[in-house]
1. Where nothing but the Cβ of Lys and Arg (+1) and of Asp and Glu (-1) is charged, how large is the charge dipole of region B:305-413 around its Cα centre, in debye to the nearest 20?
2. Report, to the nearest 10°, how far helix A:11-42 tilts away from the longest principal axis of the Cα atoms in chain A, using its own Cα long axis and a range of 0 to 90°.
3. Between A:Val79, A:Val30, A:Val16, where does the largest GNM mean-square fluctuation fall for chain A, given springs only between Cα atoms within less than 10 Å?
4. Along the charge dipole of chain A, pointing to its positive end and built from +1/-1 on Cβ of Lys, Arg, Asp and Glu, which listed residue (A:Leu14, A:Thr132, A:Gly36) has its Cα farthest out?
5. Give the value in nm², to one decimal: projected area of the alpha carbon convex hull of region B:258-372, averaged over all directions.
6. Just the number: Rg to Rh for region A:77-154, Cα atoms, Kirkwood Rh, two decimals.
7. Calculate the spin-label point distance for A:Asp142 paired with B:Leu298, positioning each point 7 Å from the Cα along the beta-carbon direction, and give it in nanometres.
8. For a 29 Å ceiling on Cα separation, which of these pairs sit above it: B:Lys120/B:Lys321; B:Lys120/B:Lys444; B:Lys364/B:Lys452; B:Lys365/B:Lys443; A:Lys94/B:Lys443; B:Lys8/B:Lys157?
Amino acid sequence: MRSQPANRISKKGLKVWRLYGLIQTIILAVLAIGGGVLTYFLEGPWWIYAVETVFLLIIGYLLIILFPKVRWMRWRYEVRDSEIELQHGIFIVKRTLIPMVRVQHVDTSQGPILRKYGLAEISISTAATVHTIPALIMAEADELRGRISVLARVAEDDV
Amino acid sequence: MSEQQRYKLHWITAIIEMLKTMKEAILPLVVLVFANGWKGGGTGPWYFEYLSFIIFGVLIISLFVSGIIKWKRFEYWFEDDELRIESGLFVKKKRYIPFDRIQSLDYTEGIFHRPFGLVKVKVETAGGSSMKKAEGELTAITKVAAERIKIELAEAKKRKKEKPVVEGEVTLLADDSWEVPVEETVSVRKIFSMSTKDLLILATTSGGIGVILSGVAIFMSQFADLIPFEWMYEEISAFIKFGVLIVAIAVFLGLLGVWILSVGMTFLSHYNFTVSLDKEDIIITRGLLEKKRVTVPLKRIQSVVLIENPFRKVFGYVSVKIHSAGGGVGESSRINLFPLVKRSEVETYLSEIFPELYLEEPSKKPTSKGRPYYYRIDFVWMLPVIGALIYFFFPYGLFSLAIIPVIVAYGIWQHRSAAYEIVDHQLIMRFRTFSLQTAYTMKKRIQSMEMKQSYFHRRKGVATILVNVKSGMGSYQATVQHMDVEDAEMILDWYEKGKKTSEVIVDKEIIN
């Protein structure tokens, strides 16, 4: 068996994903409440409320608690001298290998939520694909970006 | 450097540009004419009645004028090892393309070019950040002028090579130093050409499946008698049978028309298809009315894919596509190297173009462990659909069960086809969509590699390998699905190592 990549992403990333999950759940809840109001005025059967509530609870559990947790547990990365290895995925675990010589450029980016938690995501582009590590501590992301670009520059190669 | 001579395009450019814009504007124009022109009636002032014709006329004249202006203002010249293009009336656009960046020059001879001995030249560069167009396009220049560009390019290359020697510097990394001796022997070797017979087979088998299917539909409708319609009303039954036949014939005729059209188009566009090798470039020429000449630098080729369509394979034919890093999206990046070639001859041709490529059939096959995964996932959508069909159309819905063996057989077929092989620095992957695809890729051309495992995969020790190769602006993915996890990890290891200590040097030598 290949050993897993060494580094996990920041624990704060888990919080951010929970927050995303919460936002999605709230949107769904608003829709569900709209549905409930409609049911009330149209005098629909009582079980519609029950279905909506159960549905909302399940979705909420999945989006806020389970998925972020599994996702966080699964997410690992490692930047070595000659390659970058990533591992992620909830149902299907994907392990990606990107040789340094193939890296074309590295970006970090940050949305408002990520900024609030002092996090950033880092995107590694090859000539054909883009790979993203979500939610790294900002300093770490900057350091990583610098390191990858230095390592990638060492090994020049034609496409 | 002194003031360079500036060149203009041929005057036919004005007409070509005009027709090109008109082609784009033709639909709104037609709508306009139909909406206004045939109203009839004699009310209103005269100019109102002929409004659409006036607009039409003005448009044509203005298009013609703008075509002429475009041609008048367009200039190109060579300076400082760059191709410089200047165009535009109010907004002057200047584009400087360094010779080093030029990947290839593609020539096209349209029907307007032919009588005057002209060509359209497309300048393809490496980056090509604009998706829509080639970097530089010279709509119509004489063949002599096209030759001049080539000579200019070659001279610049030579100058660049000589320079370090004159200065007495040792340039170890000089890109293509080994090419110098090769360059002395100017040779354009013809590798492959398609005979008229091959061309006809290609034309008739391209997109033929729809016709076959609708033919089957007509055939089936004749057997509608066998399906028990008795329980229906007599008239409805007659109507349905009649309707099915009419629709099937209409569809068949429609498809036949489309098919004949596509046969004609394929014939015209692939007429006299020739592949030749010029030093480090592949040159593909084709076309009857519009002659096209595409140059693909060997260095830019990322992957060679052998495609075996089951229908064509019956006649012993396969096709070969290459993925190149240059060019834009879609068409131009996936080049048909051999649209149709005898299976028995393909290796001879390919090894002539790619001598370093190992072209054997991949021999390592996934074990039977992975077989169920090829069709298992399909049951997820299949079972509810079949269940619903059986429930709602009770007796006849049972026919839908027949799809299960088909899906399973297809899955087993895919599993049997899958294979891979690692030879030195090369990975061969074979997989089946409908056609069998065999991708030959050098390690240094693989942009990234991915191993995928679902929960069920992990339990049985199975994994899928995905390989990303650059293809134009995008990427091409080759895959071997549901193989043993040990084999998958072995491929990952192979990809991972190599680039470490001594092999880096070896790799560099191969590249340069």
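Read-outs throughout are calculated quantities, based only on the coordinates presented, and are distinct from any laboratory measurement. What you see is a predicted model, and the numbers here were worked out from it, not measured in a lab. Using ideal geometry, Cβ is built from the backbone for each residue, glycine included, and neighbour counts are taken over all protein chains shown.
1. Roughly 400 debye, rounded to the nearest 20.
2. Rounded to the nearest ten degrees, it is 30.
3. Among A:Val79, A:Val30, A:Val16, the largest mean-square fluctuation in the Gaussian network model of chain A belongs to A:Val30.
4. A:Leu14
5. In nm², the orientation-averaged hull projection of region B:258-372 is 10.1.
6. That ratio equals 0.97.
7. With each label point 7 Å from Cα toward Cβ, the separation is 4.8 nm.
8. B:Lys120/B:Lys444
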